[in-house]
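Single-structure report; data block below.
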Amino acid sequence: MADRRFFVGGNWKMNGDFKSIDGIIAFINSGCDGSCCDKVDVVVAPPAPYITYVKEKINCGAQVAAQNCYKVAKGAFTGEISPEMIKDLGLNWVILGHSERRHVFGETDQLIADKTMHALEAGINVIFCIGEKLEEREAGKTKEVNFRQLEAIFGKNVDWSRIVIAYEPVWAIGTGVTASPEQAQEVHGWLREFLKEKVSEQVAASTRIIYGGSVTAENCRELGSQSDIDGFLVGGASLKPDFVQIIKARS
Ligand code: PEP
C-alpha cells in the first residue's frame with residue numbers, strides 16, 4: 001500500500017439542524033476517541049450556517065470543510081461565500097465540483113477550475129470531485145469524462161499537495177448502488193496514470209484519490225483495501241454512526 005495518508009470526508013449536504021447536528025458530533029467525538037484522527041484525515045462538511053458551531057464542538061481532531069465557494073474574494077454575488085471567508089472562519093478545506101453542483105446547479109469544468117485555483121490561492125485545500133453519469137459509463141465514456149473533468153486544472157499553477165481528488169460516479173451517489181471495488185480501483189488506476197503522464201510521477205504517487213458513492217460501514221473495508229483508493233467522500237452514511245466505522249476502514 002502506498003504511503004498516502006487515508007482521508008475520509010463527510011458531506012452532510014443540505015441536511016441537519018442543531019438537534020441532529022449535536023447527535024452527529026457526539027458520535028464522531030466519542031467514536032474517534034482521540035486516536036483515529038492521528039492516522040486518518042477526517043474532514044466533515046456541514047451546511048454553511050452550521051460551520052462555526054460544528055468547528056467549536058468537534059474535539060477529536062476532525063477538521064471542518066465548506067461544501068462550496070465562489071471564484072472571487074468578495075463582491076456582488078448574492079448567496080455565495082468566498083474562500084477568504086472560509087479561511088477567516090479558521091477552515092482549511094472546501095469541496096468543489098460535487099456532482100450536485102455540476103448537474104443540479106449547472107457548474108462547468110471551467111467554473112470549477114476557476115474556483116479551485118482561487119481557493120488554493122486563498123490558502124484553502126480542495127476536495128476536487130469528478131465522476132461520470134450512468135449513460136456516460138454505458139456509452140464507454142468513463143475514462144474520457146473523468147479525464148476531461150480532471151484536466152480542467154492541468155497546466156495551471158496547482159499545488160497538488162493541497163488537492164484530494166474524489167472520484168464519485170454519479171450513478172453511485174445517494175443511490176445505494178456502490179461501485180464494486182474492481183470498478184472503483186480501475187478508474188482510480190486510470191486517474192493515477194493520467195496524473196503521471198500529464199503532471200508528474202511524484203504527483204501521481206502522492207496525490208490522494210478517494211472514492212465516493214454509497215459508501216457504507218459494510219462495503220468500506222473492501223473498497224479501502226484497493227491499492228489506489230486512499231479514502232472516501234461519504235454522503236448519507238456521514239450522518240450516521242456508521243461514519244466512524246468508515247473512518248476506521250483501514251484500521
Ligand atoms: C456524496 O454526496 O458525495 C456522496 C458520495 O453521497 P452518498 O455517500 O450518499 O452516495
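Derivation of every value follows stated rules applied to the coordinates shown; laboratory data play no part. Keep in mind it's a predicted model, so treat the numbers as computed, not measured. Here the Cβ positions follow ideal geometry from the backbone for every residue, glycine too, while neighbour counts run over all protein chains shown.
Does Arg221 qualify as being surrounded by fewer than 21 Cβ atoms within 10 Å (Cβ to Cβ) and part of a helix (DSSP H, G or I)? Walk me through how you get there before you give the answer.
Details: surrounded by fewer than 21 Cβ atoms within 10 Å (Cβ to Cβ): yes; part of a helix (DSSP H, G or I): yes.
Here the answer is yes, as Arg221 does meet what is asked.
Check whether at least one residue in region 25-38 is of a type in the set (A, V, I, L, M), more than 19 Å from Val158 (Cβ to Cβ) and free of Cβ contacts under 8 Å to residues at least 24 places away in the same chain, and report yes or no. Quick ask: steps written out before the conclusion?
To start, the set of residues in region 25-38 that are of a type in the set (A, V, I, L, M) comprises 25-26, 28.
So of that shortlist, the ones also more than 19 Å from Val158 (Cβ to Cβ) come out as 25-26, 28.
Those still in the list that are free of Cβ contacts under 8 Å to residues at least 24 places away in the same chain too: 26.
So far as region 25-38 goes, yes, one or more of its residues are of a type in the set (A, V, I, L, M), more than 19 Å from Val158 (Cβ to Cβ) and free of Cβ contacts under 8 Å to residues at least 24 places away in the same chain.
For a quick check of your reading of the model, give me the residue pairs whose first member lies in region 198-223 and is among the β-branched types (Val, Ile, Thr), whose second is assigned to a helix (DSSP H, G or I) and within 13 Å of the ligand (Cβ to nearest atom), with beta-carbon atoms closer than 7 Å and at least 6 apart or on different chains.
Val215/Leu223; Val215/Ala237; Val215/Ile246; Thr216/Ala237; Thr216/Asp242
Scan region 205-218 residue by residue and report those that are under 18 Å from the mean Cα position of the chain (by Cα) and either part of a strand (DSSP E or B) or surrounded by fewer than 19 Cβ atoms within 10 Å (Cβ to Cβ) (or both). Before the answer, list the steps.
The initial filter retains those residues of region 205-218 that are under 18 Å from the mean Cα position of the chain (by Cα), namely 206-217.
Across region 205-218, the qualifying residues are Ser206, Arg208, Ile209, Ile210, Tyr211, Gly212, Thr216, Ala217.
Go through (1) at negative phi; (2) part of a loop (DSSP other than H, G, I, E, B) and name the single condition Gly16 misses.
Result: Gly16 fails condition (1) only.
Name every residue in region 163-181 that is exposed (fewer than 13 other Cβ atoms within 10 Å of the Cβ) and either touching a helix residue (DSSP H, G or I) at 6+ places or on another chain (Cβ under 6 Å) or closer than 16 Å to Ile127 by Cα (or both), in order of residue number.
Across region 163-181, there are no qualifying residues.
Please specify each residue of region 225-251 satisfying the condition of being farther than 12 Å from Ile28 by Cα, more than 14 Å from the ligand (Cβ to nearest atom) and either outside any loop (DSSP other than H, G, I, E, B) or hydroxyl-bearing (Ser, Thr, Tyr) (or both).
If the condition is that a residue be farther than 12 Å from Ile28 by Cα, more than 14 Å from the ligand (Cβ to nearest atom) and either outside any loop (DSSP other than H, G, I, E, B) or hydroxyl-bearing (Ser, Thr, Tyr) (or both), then Ser225, Ser227, Ser251 are the ones that fit.
Please specify each residue of region 2-54 satisfying the condition of being aromatic (Phe, Trp, Tyr), more than 16 Å from the ligand (Cβ to nearest atom) and surrounded by fewer than 22 Cβ atoms within 10 Å (Cβ to Cβ).
Just the residues of region 2-54 that are aromatic (Phe, Trp, Tyr), to begin with: 6-7, 12, 18, 27, 50, 53.
Filter once more, so that each one left must be more than 16 Å from the ligand (Cβ to nearest atom): 6, 18, 27, 50, 53.
The answer is Phe18, Phe27, Tyr50, Tyr53.
Determine which member of the set Ala119, Ala184, Ala113 is of a type in the set (Gly, Ala, Ser), buried (at least 20 other Cβ atoms within 10 Å of the Cβ) and within 16 Å of the ligand (Cβ to nearest atom).
Working: Ala119 fails: within 16 Å of the ligand (Cβ to nearest atom); Ala113 fails: within 16 Å of the ligand (Cβ to nearest atom).
Checking each option against the conditions leaves just Ala184.
Within region 168-181, restricting attention to residues that are in contact with a strand residue (DSSP E or B) (Cβ under 8 Å, 6 or more places away or on another chain) and among the hydrophobic types (A, V, I, L, M, F, W, C), which residue is farthest from the ligand (Cβ to nearest atom)?
Within region 168-181, the first condition is being in contact with a strand residue (DSSP E or B) (Cβ under 8 Å, 6 or more places away or on another chain), and the residues that meet it are 168, 172-173, 179.
From the residues that got through so far, the ones that are among the hydrophobic types (A, V, I, L, M, F, W, C) too are 172-173, 179.
Numbers: Ala172: 6, Ile173: 4, Ala179: 10 Å.
Here the answer is Ala179.
Against the conditions (1) of a type in the set (A, V, I, L, M, F, W, C); (2) touching a helix residue (DSSP H, G or I) at 6+ places or on another chain (Cβ under 8 Å); (3) more than 16 Å from Val145 (Cβ to Cβ); (4) within 15 Å of the ligand (Cβ to nearest atom), where does Trp160 fall short? Just the number, please.
For Trp160, the exception is condition (4).
Which of the following residues is without any contact (Cβ under 8 Å) to a residue 60 or more places away in the chain and either in contact with a Gly (Cβ under 7 Å, 6 or more places away or on another chain) or crowded, with 19+ Cβ neighbours inside 10 Å (or both): Ile127, Ile58, Ile95?
On the way: Ile127 fails: without any contact (Cβ under 8 Å) to a residue 60 or more places away in the chain; Ile95 fails: without any contact (Cβ under 8 Å) to a residue 60 or more places away in the chain.
Within the list Ile127, Ile58, Ile95, the selection yields Ile58.
Out of Asn146, Asn157, which single residue is within 20 Å of Met117 (Cα to Cα), in a helix (DSSP H, G or I) and out of contact with any Pro (no Cβ under 7 Å at 6 or more places or on another chain)?
Working: Asn157 fails: in a helix (DSSP H, G or I).
The conditions single out Asn146.
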